[in-house]
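Enquirer: Before anything else, here's the structure in question.
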């Protein structure tokens with residue numbers, strides 16, 4: 001269970017380190033992306049072509065919040081919330097995304113995967129609440145039915 005959280009943390013670290021090294025010292029012709037994300041202290045750290053890396057200053061010794069964009073689409077982000085949780089998001093609302101949330105000590109809280117239709121409407125949602133690698137809940141937004149996993153079967157959840 002903790003191995004999945006460590007693996008996700010490692011992958012996020014590699015992505016950010018790779019983006020920083022990839023973008024470091026590169027000058028791009030044309031206009032620069034905005035220096036800050038609207039209404040935040042998240043500042044542009046570097047860019048190359050359509051890729052942009054934004055990083056928020058860390059004042060409490062915790063790893064910095066960051067976001068990597070491909071054009072205007074956020075492809076991965078990590079942010080601390082006011083409730084002392086850490087949320088890591090892969091993908092965006094255009095087709096699908098995975099969101100993983102941890103408490104302030106890095107303990108797994110839950111993971112969700114959302115699948116969207118072409119217009120940004122939610123089709124399906126999966127939730128893992130115990131980090132066992134199996135989805136615990138499934139919601140079909142088309143039929144408005146929620147399911148609970150029982151062994152390896154989906155059982156409609158009673159209302």
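The values are calculated or read from the model by the stated rules, or taken from the named source; none is laboratory data. Note that the structure is predicted; figures quoted are calculated from it, not measured. Cβ sites come from the backbone with ideal geometry, for glycine too, and all protein chains shown count toward neighbours.
Enquirer: Residue 103 fails exactly one of the following numbered conditions: (1) modelled with pLDDT under 85; (2) within 16 Å of the chain's Cα centre (by Cα). What is the number of that condition?
Expert: (1)
Enquirer: Mind checking which residues of the range 96-129 are surrounded by fewer than 13 Cβ atoms within 10 Å (Cβ to Cβ) and out of contact with any helix residue (DSSP H, G or I) (no Cβ under 9 Å at 6 or more places or on another chain)?
Expert: If the condition is that a residue be surrounded by fewer than 13 Cβ atoms within 10 Å (Cβ to Cβ) and out of contact with any helix residue (DSSP H, G or I) (no Cβ under 9 Å at 6 or more places or on another chain), then 103, 104, 105, 117, 118, 119, 120, 121 are the ones that fit.
Enquirer: So if I check each of 96, 143, 119, which one is closer than 19 Å to residue 75 by Cα and more than 14 Å from the chain's Cα centre (by Cα)?
Expert: 119
Enquirer: Residue by residue through the range 46-64, note down the ones that are more than 19 Å from the chain's Cα centre (by Cα) and not in a loop (DSSP other than H, G, I, E, B).
Expert: Once the filter is applied, which keeps residues that are more than 19 Å from the chain's Cα centre (by Cα) and not in a loop (DSSP other than H, G, I, E, B), the range 46-64 yields 46, 47, 48.
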